[in-house]
Amino acid sequence: CRIKTTAQAILALDNSNQQTSAAQDWLLSQNKSPTELIWYLQVENPDGLTACTVDYGESSYEFSIGEDKKIWNNSTGPCLIRAQDDYWFRVSPSCYNQEFKTSCDNDFSTTLLFSKQNSQTIQVYPETHSAVGGVGSSTTEKVKSSCFAENNFCTYEGTLWAALVLNSLDKEVSSYLPYLITLAEDNPSK
C-alpha cells in the first residue's frame, strides 16, 4: 500500500458511499514523528526576572528568566536544552512524546516554535498558553507533529493527500500542519 493512493482511494470510495474504515485505520497507523523539524519551547515573562519550574517525565527542573528575557539554569534535564542564544529551549527529539508542565512565580506564557533543520525561518505554533504566577498555576505544552511515512520516511505528497482526505472526513489533522507548512517550500509542485 502507498499513502497517496490509499488516501485517494478513501476519497473515491467515501464519495461513492462505500465503507472505508479499514483503509482509514491502515492510513492512520502509518504515522511517524518527522525528523526534519526542530521544536522549541518558549517561556516568556513580561515583567522581567522570574523563577520557574518545568516538570516532565517524573522529574522537576528549575530555571529563571532574566530581565533580558534569557533563560538561566544549571540543567533542565535531557529533554530541554537552552538554544537560540538562551532565549528558548530546544526540545530533544527523543522527548517529543513528553508533556512539559511549566509554572513560574510571576505571570508568564508558553508556546511551541518549530523550524526545518538548517533553516533560519521559525514558525510559531498557533496555540499560546498563559498563566498567573504563583502556586497552582501552570501551562502544559506537548509537541504535536506527525507525518505519514513509507519505508519509515515521511512522504510529503502522501502526508498532503492523507491530511486533505482525513480533514474531509472530519478527522483531526492539526498535527500534520507543522510538517506540511515547514516543508512546503521544498515541495513547490505538490
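The values are calculated or read from the model by the stated rules, or taken from the named source; none is laboratory data. What you see is a predicted model, and the numbers here were worked out from it, not measured in a lab. Every residue, glycine as well, gets a Cβ built from its backbone with ideal geometry; the counts of neighbours run over all protein chains shown. These area figures cover heavy atoms from the full protein model, side chains too; ligands, DNA and RNA do not enter into them. Shrake-Rupley method; radii C 1.70, N 1.55, O 1.52, S 1.80 Å.
Being in a helix (DSSP H, G or I), open to solvent by less than 40 Å² (accessible area, probe 1.4 Å) and out of contact with any Pro (no Cβ under 7 Å at 6 or more places or on another chain) is the filter here, so list the residues in segment 166-183 that pass it.
Passing the criteria: L166, S175, Y176, P178, L180, T182.
For the condition touching a helix residue (DSSP H, G or I) at 6+ places or on another chain (Cβ under 9 Å), open to solvent by less than 30 Å² (accessible area, probe 1.4 Å), modelled with pLDDT of 95 or more and in a strand (DSSP E or B), what is the one hit in A149, A163?
Values: A163 fails: in a strand (DSSP E or B).
Of the residues listed, the single one that is touching a helix residue (DSSP H, G or I) at 6+ places or on another chain (Cβ under 9 Å), open to solvent by less than 30 Å² (accessible area, probe 1.4 Å), modelled with pLDDT of 95 or more and in a strand (DSSP E or B) is A149.
For T155, state whether it is more than 30 Å from S64 (Cα to Cα) and either open to solvent by less than 40 Å² (accessible area, probe 1.4 Å) or in contact (Cβ under 8 Å) with a residue 40 or more places away in the chain (or both). Break it down into steps so the answer makes sense when it comes.
On the way: more than 30 Å from S64 (Cα to Cα): yes; either open to solvent by less than 40 Å² (accessible area, probe 1.4 Å) or in contact (Cβ under 8 Å) with a residue 40 or more places away in the chain (or both): yes.
Judged against the criteria, T155 is a match.
Could you identify the single residue in S60, S103, S109 that is touching a His at 6+ places or on another chain (Cβ under 8 Å) and either in contact (Cβ under 8 Å) with a residue 12 or more places away in the chain or of a type in the set (G, A, S) (or both)? Full working, then the answer.
Working: S60 fails: touching a His at 6+ places or on another chain (Cβ under 8 Å); S103 fails: touching a His at 6+ places or on another chain (Cβ under 8 Å).
None of the others qualify; the one that does is S109.
If a residue has to be in contact (Cβ under 8 Å) with a residue 40 or more places away in the chain, open to solvent by 60 Å² or more (accessible area, probe 1.4 Å) and either on the phi > 0 side of the Ramachandran plot or in a strand (DSSP E or B) (or both) to count, how many in segment 113-126 make the cut?
Residues in segment 113-126 being in contact (Cβ under 8 Å) with a residue 40 or more places away in the chain, open to solvent by 60 Å² or more (accessible area, probe 1.4 Å) and either on the phi > 0 side of the Ramachandran plot or in a strand (DSSP E or B) (or both): 0 in total.
Within segment 1-35, which residues are among the small types (G, A, S), closer than 15 Å to N167 by Cα and out of contact with any helix residue (DSSP H, G or I) (no Cβ under 9 Å at 6 or more places or on another chain)?
A12, S21, listed by residue number.
Counting only residues that are touching a Cys at 6+ places or on another chain (Cβ under 9 Å) and within 17 Å of D107 (Cα to Cα), give me the strands (runs of 3 or more DSSP E) lying completely in segment 21-97 with at least 1 of them.
In segment 21-97, 37-44, 50-56, 59-65 are the strands (runs of 3 or more DSSP E) which contain 1 or more residues that are touching a Cys at 6+ places or on another chain (Cβ under 9 Å) and within 17 Å of D107 (Cα to Cα).
Hey, among D55, D25, D47, which residue is closer than 24 Å to S138 by Cα and loosely packed, with under 13 Cβ neighbours inside 10 Å?
The match here is D47.
Which one is least open to solvent (accessible area, probe 1.4 Å) among residues in segment 127-145 that are at pLDDT 95 or above and in a loop (DSSP other than H, G, I, E, B)?
Looking at residues that are at pLDDT 95 or above and in a loop (DSSP other than H, G, I, E, B), I get V143.
If we keep just the residues of segment 58-97 that are more than 24 Å from S175 (Cβ to Cβ), within 22 Å of the chain's Cα centre (by Cα) and among the polar types (S, T, N, Q), which is least open to solvent (accessible area, probe 1.4 Å)?
Only one residue fits best here, namely T76.
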